[in-house]
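To keep things clear, I will list the structure first and then write my remarks on it.
Please treat every number below as a calculation from the coordinates, not as lab data. What you see is a predicted model, and the numbers here were worked out from it, not measured in a lab. As a convention, Cβ positions derive from the backbone with ideal geometry for all residues, glycine included, and neighbour counts pool all protein chains shown.
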Amino acid sequence: MKRILKSYRYASSGKVHLPFLAWALFPAFATAQYRAVVLQPDGYAFSVGRASDQGYQAGFAGTLDQRFNHAIIWNGSAQNYVDLNPAGYNDSFIDGAGGGQQVGGGKRPGLSPNAVLWTGSAASAVDLDPGNVMFSEALACDGVQQVGYTGDDRFNYAALWSGTAASYVNLTPAGARESVAQSLSHGRQSGAAKFSLKWHAGVWSGSDSSFVDIHPRGFDISYVDGMSETQLVGVAAHPDQVRHAMLWRSATEVPIDLTPTGYTDTEAHATNGTFQAGQGLRIGGNGHALLWHGSASDYIDLHRFLPPYLTSSRAFAINGDGVIVGKAYLHSGAYAVAWIPVPEPSPAFVLTIPLLALVARRWWLQKGCYAVGQNDVGRVCSCYVGD
């Protein structure tokens, strides 16, 4: 496809302006940071992206009768997917992925939901339910351990597994009524515990007694939803229940409120140690998936990369390569979405711009442009640059 540079004015000396040439060579460099891929597979009513591991995305899709969900992993496109619904289950879903594993839950006919661990196929499903609870669900994994919660008819209890139902550990700290573990990294687990009817964000190191309360001052409730080796992200809310996306760089530092100007009711769900993914409600508008780089002022509204028929969006996960996964809404339901980073030119390639400018200048001077006008400032030309 030819790009036409219309009415480019240059001085009669023939000098080429480098900023303009750079723009001509890289017209989308400053704006197209992400490529959005709608992952909605054929044969399903809706879909949700919940996890992003190295090389694939994971979540679930609803059957056409909208009665059940099936756990799904995608390999970068709506057509390239695997249905992980295990034999004997009529319902399943993936909440987290990491280290080649996928976790979530499933339900057999007539039985309560139970936590499930997969390694890439329906046949690999492992039931993690410890057996002495009413239900269970796994929310995150790292290839070695899995976290989530179990429950009875009254409360939920943070759970830690190491690949089998028999390895189950109840992480509920002393003094807490209930708890949930939502993420893990490098031997630590994070989530929240409920003290005196208030949820407090916290971190564990493998046992109930290791719980560290990191609830921020001035907020009513808080919880951690995602973590890396160096960061924790989640939500804190005032008594008015308006949520604030939060970033903890350590368990001892005051967390950073990531809520950007122009947004409210924000949430941070995941971090890869550099970027944080979540969403916020545009004041006077719809909810938009957001990506932060450590502060409220340094963010990207990911919704702008989506097709215009999608009206709102949320981001739930980000992997080490920066691939973000979530969902976007249209009037009839939700579609799983992946935002894939567009590679930037390498520093070495950027340094070739002056050389390209020199080559282009010589070519233009030798070949000439067909002049469509001329005045005392210089010639006004239209030229083709490449195919």
Check your understanding: Want the number for N286 to A87: 0.36 nm per residue separation, take away the alpha-carbon distance, what's left?
Key -> 67.7 nm
Check your understanding: According to a simple spin-label model (label point 7 Å from Cα along Cα-to-Cβ), what is the distance in nm between K198 and A122?
Key -> 4.8
Point to revise | region 144-284: C-alpha gyration tensor shape, a/c 1.5 cut-off, then a/b vs b/c | key: prolate
Point to revise | Partners for K198 among aspartates and glutamates (Cα-Cα distance below 20 Å; same-chain residues under 8 apart left out) | key: D152, D153, E178, D208, D213, D220, D225, D240, D257, D265, E267
Practice item. Take F155, project a point 7 Å from its Cα along the Cβ direction, then tell me which residues of region 118-141 have their backbone nitrogen under 12 Å from it. Key: none
Review point. Ordered by packing density, taken as the mean number of other Cβ atoms within 10 Å over each peptide's residues, highest first, how do 45-53, 279-287 rank?
Key: 45-53, 279-287
Exercise for review: Compute the relative contact order of region 281-331 as a whole-number percentage, counting only Cα pairs closer than 8 Å that sit 6 or more residues apart in sequence.
Suggested key: 29
Revision key, fill the gap. Calc'd 3J(HN,Hα), region 154-163, phi into Karplus 6.51 cos²θ - 1.76 cosθ + 1.60 (θ = phi - 60°), Hz, glycine/Pro = x, comes to 10, 9, 10, 9, 4, 10, 10, 10, 10, x
Review point. What nm distance separates the two modelled labels at S112 and Y309, each placed 7 Å from Cα along Cα→Cβ?
Key: 4.2
Practice item. Please turn the phi angles of region 105-118 into ³J(HN,Hα) values with the Karplus equation 6.51 cos²θ - 1.76 cosθ + 1.60 (θ = phi - 60°), one per residue in order, whole Hz, x for glycine and proline. Key: x, x, 9, 8, x, x, 10, 6, x, 9, 5, 10, 10, 10
Revision key, fill the gap. Simple SL model, points at 7 angstrom along Cα→Cβ for S205 and L64; separation in nm is 5.4
Practice item. Would you please classify the overall shape of region 196-273 from the alpha carbon gyration tensor, given that a ≥ b ≥ c denote the square roots of the eigenvalues, rounded means a/c under 1.5, and beyond that prolate means a/b larger than b/c while oblate covers the rest? Key: oblate
